[in-house]
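A short write-up of the structure that comes next.
The values are calculated or read from the model by the stated rules, or taken from the named source; none is laboratory data. A quick note: this is a predicted structure, and the numbers were derived from the prediction, not measured. A quick note on method: Cβ atoms are made from the backbone with ideal geometry, for glycine too, and the neighbour counts reach across all protein chains shown.
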Amino acid sequence: MTNKKLSLQEQLLKAGLASAAQAKSVKSEKHKQTQLQRKNNVTAVDEAKALALKTQAEKVAKDRELNQLRQQQEEQKQLLAQVKQLIELNRQETDADGTAYHFNDQNKMKTLYVSEAMRTALMNGRSAIVKWDGKYEVVSSDVANKISERDKASVVLLNCAVENNPSENDPYANYQIPDDLIW
């Protein structure tokens, strides 16, 4: 027995599975293809390699999208944590025995009991009502603007600042709203 390894072609010939004519035909066809490629400067395309590269590129794109999604979720978490911190540090105490202040939250009327000074500040736009974790809190308008930059849905009520001097062209300037008008 020889230690020499036989090529597949030789093994097939020896086993009788292929004839010498078939082997010669395959060899000449292969030689023609290589000469044609050399003549036309065409490189052979390895389909398996191309498929592997395509699969790898798709995987990289998918991983990039997943990382971007995770990053957006992390940024959203950080913004919500900032909103929570702003509300907890800047909330103003409401008065349970105070005046009822009615406001609209997602087409539902809500009531918050506040002091008279806080009610005036809410109406004049110096204070605002924000919602966090199902509770309503009163914060200054500056803080409400910071919260709105991070999460618009948290700010429930932020009135525009009211000027004390009415316009000269205002036909209702002489008619003041009564102070005791509370609905």
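Among what's in the range 145-168 and is among the small types (Gly, Ala, Ser) and farther than 14 Å from Asp105 by Cα, pick the residue that is modelled with the lowest pLDDT.
My answer is Ser167.
So in the range 85-98, with the set limited to residues that are exposed (fewer than 10 other Cβ atoms within 10 Å of the Cβ) and touching a residue at least 12 places away in the same chain (Cβ under 8 Å), which one is farthest from Val156 (Cα to Cα)?
It comes out as Asp97.
Tally up the residues in the range 99-138 that are farther than 14 Å from Val156 by Cβ and in a helix (DSSP H, G or I), please.
8
Considering the range 66-114 alone, what residues qualify as being polar (S, T, N, Q) and out of contact with any strand residue (DSSP E or B) (no Cβ under 9 Å at 6 or more places or on another chain)?
Asn67, Gln68, Gln71, Gln72, Gln73, Gln76, Gln78, Gln82, Gln85, Asn107
In the range 44-57, what residues are surrounded by 10 or more Cβ atoms within 10 Å (Cβ to Cβ) and not in a helix (DSSP H, G or I)?
Result: Asp46, single match.
Which residue out of Lys39, Lys5 is over 23 Å from the mean Cα position of the chain (by Cα), modelled with pLDDT under 80, in a helix (DSSP H, G or I) and not hydrophobic (A, V, I, L, M, F, W, C)?
Lys39
Inside the range 139-153, can you point out the residues that are of a type in the set (D, E, K, R) and part of a helix (DSSP H, G or I)?
Of everything in the range 139-153, those that are of a type in the set (D, E, K, R) and part of a helix (DSSP H, G or I) turn out to be Asp142, Lys146, Glu149, Arg150, Lys152.
Residue by residue, here is whether (1) under 17 Å from Gln82 (Cβ atoms); (2) surrounded by fewer than 16 Cβ atoms within 10 Å (Cβ to Cβ); (3) acidic (Asp, Glu) holds:
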{"site": "Met118", "(1), (2), (3)": "no, no, no"}
{"site": "Met123", "(1), (2), (3)": "no, yes, no"}
{"site": "Lys131", "(1), (2), (3)": "yes, no, no"}
{"site": "Gly134", "(1), (2), (3)": "no, yes, no"}
{"site": "Asp151", "(1), (2), (3)": "yes, no, yes"}
{"site": "Ser154", "(1), (2), (3)": "yes, no, no"}
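Residues of the range 88-98 being part of a loop (DSSP other than H, G, I, E, B) and not acidic (Asp, Glu), which ones?
Passing the criteria: Arg91, Thr94, Ala96, Gly98.
Restricting the first residue to the range 6-18 and requiring it to be on the phi < 0 side of the Ramachandran plot, which pairs with a second residue that is hydroxyl-bearing (Ser, Thr, Tyr) meet a Cβ separation below 9 Å and a spacing of at least six or different chains?
Listed by first residue and then by second, the contacts come to Leu13/Ser19.
Select, from Val60, Val83, the only residue that is among the β-branched types (Val, Ile, Thr), farther than 22 Å from Val138 by Cα and in a helix (DSSP H, G or I).
After applying the criteria, what remains is Val60.
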